[in-house]
1. Within the stretch 3-31, which residues are among the aliphatic types (A, V, I, L, M), over 16 Å from LYS230 (Cβ atoms) and surrounded by fewer than 24 Cβ atoms within 10 Å (Cβ to Cβ)?
2. If ASP227 passes every condition in (1) without any contact (Cβ under 8 Å) to a residue 24 or more places away in the chain; (2) of a type in the set (D, E, K, R); (3) crowded, with 24+ Cβ neighbours inside 10 Å but one, which one does it miss?
3. Among the listed residues VAL57, VAL19, VAL38, VAL43, identify the single one that is under 22 Å from VAL2 (Cα atoms) and either at pLDDT 50 or above or not acidic (Asp, Glu) (or both).
4. What are the residue pairs meeting all of these: first residue in the stretch 174-193, first residue outside any strand (DSSP E or B), second residue among the charged types (D, E, K, R) and buried (at least 24 other Cβ atoms within 10 Å of the Cβ), Cβ atoms under 6 Å, and 6 or more apart or on different chains?
5. Scanning the stretch 107-157 for residues that are closer than 24 Å to PRO84 by Cβ and basic (Lys, Arg), which turns out surrounded by the fewest Cβ atoms within 10 Å (Cβ to Cβ)?
6. Of everything in the stretch 83-106, what is crowded, with 19+ Cβ neighbours inside 10 Å and within 17 Å of PHE30 (Cα to Cα)? Give them in sequence order.
7. Restrict the check to the stretch 84-91 and report whether at least one residue is at pLDDT 85 or above, under 18 Å from the mean Cα position of the chain (by Cα) and outside any strand (DSSP E or B).
8. Answer with yes or no whether LEU192 is in contact with a Pro (Cβ under 8 Å, 6 or more places away or on another chain), buried (at least 16 other Cβ atoms within 10 Å of the Cβ) and modelled with pLDDT of 95 or more.
Amino acid sequence: MVKVKICGITNLEDALVAVEAGANLLGFIFYEPSPRYVRPEVVREIVAGCRSQVAGVKGQGAGAGDWKLTGGYDATHHTQYVSPLFVGVFVNSPLDTVAHILDFCQLDAAQLHGEEPPGFVAQFPGRAFKALRPQSIQEAERYVEKYLPCPPAPLLPCLLLDAYHPHLYGGTGHVTDWSMAATIARHYPIMLAGSLTPENVAEAAQVVQPWGVDVSSGVEKEKGKKDHEKVRSFIEIVKSVKRKT
C-alpha cells in the first residue's frame, strides 16, 4: 500500500486529524522562510500530544502500555490508527542543529531538502532521507548515483522527488515529472511530492508507483492550516490505489 506523508503540520488539531485518517508520516518544516515554518517548541508539544492521544485511545481498548504504534486496528473505536513517523524537514541546516531538533522534538527522521552532501545524510543512519529536485531524468540519475546506495530504513523512503524550482525548496506549485519519477521508482523506494491534491493523486500513484506520496498545500485551506476534509479524502484515495504487481 502506498504510504502517505502529510507535511507542513503546524498545530495539534491538524496532526490528530491526519493520524486518525491514516497518515503514515507527519512532516514539520524547520525552514524559517517557509510560511509553514513551525518552532521546535511547538513541534515538541504536537508530537507529545499525538502520542498521548493515540496511547489513550488504544489503552481504552486493550490495556495501556508504552506508546508504540504498530498500525493496528482499534475495533472499539472503528478507527484505524496507523504508525505515524514524525519527520523534521530541514533546508541546509547545520548538522548539529538537525541533531538537536530531532532529539528535542523526539522526531523519528529528518528530510533533508537543501543542498546537503551525501556525507551529511550518512550522519543520520536509518533516520534521514534526501529530497531531490532534478530538472531531467539524466540529472535525476546522477543524483541517485550520488546519494545511493543508502542504508534504507524499513519505514522510510530512500529518496523524495520534488518539482524543480531555481529558488524555492518545495511549495513551488509545479508538478513533478511523473514519467521521470516512475523511472526512478522502478528501482528504488521513493516518495513523490510536487503539487499533489485529492484530484490528481490517484493518477500520480498509478503512473509512478511510488513507495509513498507527500502533500502539504494540496490539502490546505490556507497556508499552514489544513482542510480536514481534504486530508481525509487525500488519504482515503491513496489507500484505495492498487499497486502493480
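1. The one that is among the aliphatic types (A, V, I, L, M), over 16 Å from LYS230 (Cβ atoms) and surrounded by fewer than 24 Cβ atoms within 10 Å (Cβ to Cβ): LEU12.
2. (3)
3. VAL19
4. That search, which allows pairs on different chains as well, returns ALA193/ASP162; ALA193/ASP214.
5. ARG127
6. LEU85, PHE86, VAL87, GLY88, VAL89, PHE90, VAL91, SER93, VAL98, ILE101, LEU102, CYS105
7. Looking only at the stretch 84-91, we keep the residues that are at pLDDT 85 or above, and these are 84-91.
Adding the requirement that they be under 18 Å from the mean Cα position of the chain (by Cα) leaves 84-91.
Pick out the ones that are also outside any strand (DSSP E or B) and you get 84, 91.
So far as the stretch 84-91 goes, yes, one or more of its residues are at pLDDT 85 or above, under 18 Å from the mean Cα position of the chain (by Cα) and outside any strand (DSSP E or B).
8. Numbers: in contact with a Pro (Cβ under 8 Å, 6 or more places away or on another chain): yes; buried (at least 16 other Cβ atoms within 10 Å of the Cβ): yes; modelled with pLDDT of 95 or more: yes.
Taking the combined requirement at face value, the residue satisfies it.
The values are calculated or read from the model by the stated rules, or taken from the named source; none is laboratory data. Since the structure is predicted, the reported quantities are computational estimates derived from the model, not experimental observations. All Cβ positions, even for glycine, are placed from backbone atoms using ideal geometry, and neighbour counts span all protein chains on display.
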